[in-house]
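Single-structure report; data block below.
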Amino acid sequence: MAGPERVAAVAPRFIELEVLESQQLSPHVRRVTLGGDEVSAMTPQGYDQWFRFFMRRDGQDELRVPTSPATWFPQYLAMREQQRPWVRNYTVRDFRLEAGELDIDFVCHEDPGPGAAWAMAAQRGERAVLLDEGLLYNDDGLEGAVLVVGDESALPAIAGICGSLDEGSRGVAVIEVGHRDDIQRFDRPAGVDVRWVERGAARAGDSALEELRGLSIDAGLGYAYSAGEQRLATGTRRHLVRERAVDKSRITFTGYWKLGASYVS
Ligand SMILES: Cc1cc2nc3c(=O)[nH]c(=O)nc-3n(C[C@H](O)[C@H](O)[C@H](O)COP(=O)(O)OP(=O)(O)OC[C@H]3O[C@@H](n4cnc5c(N)ncnc54)[C@H](O)[C@@H]3O)c2cc1C
């Protein structure tokens, strides 16, 4: 059986934004704050609320984006190649709706693709557009402990999930980061234990998987969520299903990126 259903965005539409500020938060994370009148039209859903993010390519004098939320991809493909924007997926790190502001934490990785490069270069006033996609996290009211596993690309999602869980929730979050200074503080229920692991020289995801294998997960696991490098996400699921006999219907897993491969478009 497949995992839980996604939770759709509430009234998805294209939201036009403008860069307000950009700061290097830690060795691998750059926070870009965007604002605009349209931010307050978004409905915060908490958890791992994610969106398509459309960016101007170098050499383009303006940002053009598709117009239909439902058929944006064919529209995008129909655009002349020189006019197409870059598109990548990101997560809401923080919303300040009254101020019309939104933070995105971009992982600035080696071999930067267009997303990371855009964040590194983003200047105040640069325009961008997002299309809200809703949530992948869906514990569907399942009772029991929560297990969350990810790398720094999923840190905004994990922070959002921990900040959205009921106060009485219990569980474990395993987060792999490239450097100990990439560790962030975020609100979480007292019963959720956060285990940070440093990648060191290991392959992306291996340190988090090793931590997971050593975890004593209580028998009352209700729901598990894993996101980050492809092999980390699939490895988490495989471990839980094969070694811990967790039912697939209780696991959401998403490869956010793939080592050595660019996101297409
Ligand atoms: C639902 C969802 C939510 C996401 N939220 C976030 C978010 O909030 N913040 C965030 O930073 N990312 C997030 N991601 C991941 C992000 O979309 C990908 O990392 C994306 O590939 C980055 O695009 P890029 O143009 O920088 O690199 P690409 O052009 O896709 O890839 C270029 C090279 O960089 C490598 N690479 C890509 N991402 C990483 C990485 N994180 N670490 C190390 N190497 C990498 C690739 O393996 C490739 O070799 C999310 C993905 C999904 C599906």
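For the stretch 166-193, the candidate set comprises residues that are of a type outside the set (D, E) and open to solvent by less than 20 Å² (accessible area, probe 1.4 Å); within that set, the residue that is nearest to the ligand (Cβ to nearest atom) is V177. For the stretch 26-39, taking the residues that are touching a strand residue (DSSP E or B) at 6+ places or on another chain (Cβ under 6 Å) and surrounded by fewer than 18 Cβ atoms within 10 Å (Cβ to Cβ), the one that is modelled with the lowest pLDDT is identified as E38. L221 meets each of the listed conditions (1) touching a residue at least 60 places away in the same chain (Cβ under 8 Å); (2) open to solvent by 50 Å² or more (accessible area, probe 1.4 Å) apart from (2). Any residue at all in the stretch 11-21 that's open to solvent by less than 50 Å² (accessible area, probe 1.4 Å), farther than 18 Å from P114 by Cβ and of a type in the set (G, A, S)? Scanning the stretch 11-21, I find no residue that is open to solvent by less than 50 Å² (accessible area, probe 1.4 Å), farther than 18 Å from P114 by Cβ and of a type in the set (G, A, S), so the answer is no.
When D61, D140, D111 are checked against the criterion of being over 21 Å from S40 (Cβ atoms), under 20 Å from the mean Cα position of the chain (by Cα), more than 16 Å from the ligand (Cβ to nearest atom) and surrounded by fewer than 18 Cβ atoms within 10 Å (Cβ to Cβ), D140 stands alone in meeting it. Residues of the stretch 40-58 that are open to solvent by less than 40 Å² (accessible area, probe 1.4 Å), of a type in the set (A, V, I, L, M, F, W, C) and either at pLDDT below 95 or in contact with a Ser or Thr (Cβ under 9 Å, 6 or more places away or on another chain) (or both): M42, W50, F51. For G200, the conditions (1) within 21 Å of L259 (Cα to Cα); (2) at pLDDT 95 or above; (3) loosely packed, with under 15 Cβ neighbours inside 10 Å all hold with the exception of (2). Can you pull out every residue in the stretch 231-252 that is open to solvent by less than 70 Å² (accessible area, probe 1.4 Å) and either on the phi > 0 side of the Ramachandran plot or among the polar types (S, T, N, Q) (or both)? Passing the criteria: T234, T236, S249, T252.
Checking R84, R96, R64, R57 one by one, the residue that is over 20 Å from F14 (Cβ atoms) and of a type in the set (K, R) is R96 and no other.
Only residues that are of a type in the set (G, A, S), touching a strand residue (DSSP E or B) at 6+ places or on another chain (Cβ under 6 Å) and farther than 17 Å from A157 by Cβ were counted across the stretch 190-221, and they come to 3.
The values are calculated or read from the model by the stated rules, or taken from the named source; none is laboratory data. Owing to the predicted nature of the structure, the values given are computational and were not obtained by experimental measurement. With ideal geometry, Cβ positions are generated from the backbone for all residues, glycine too; neighbour counts draw on all protein chains shown. Heavy atoms of the whole protein, side chains included, go into the accessibility calculation; ligands, DNA and RNA do not. Shrake-Rupley method; radii C 1.70, N 1.55, O 1.52, S 1.80 Å.
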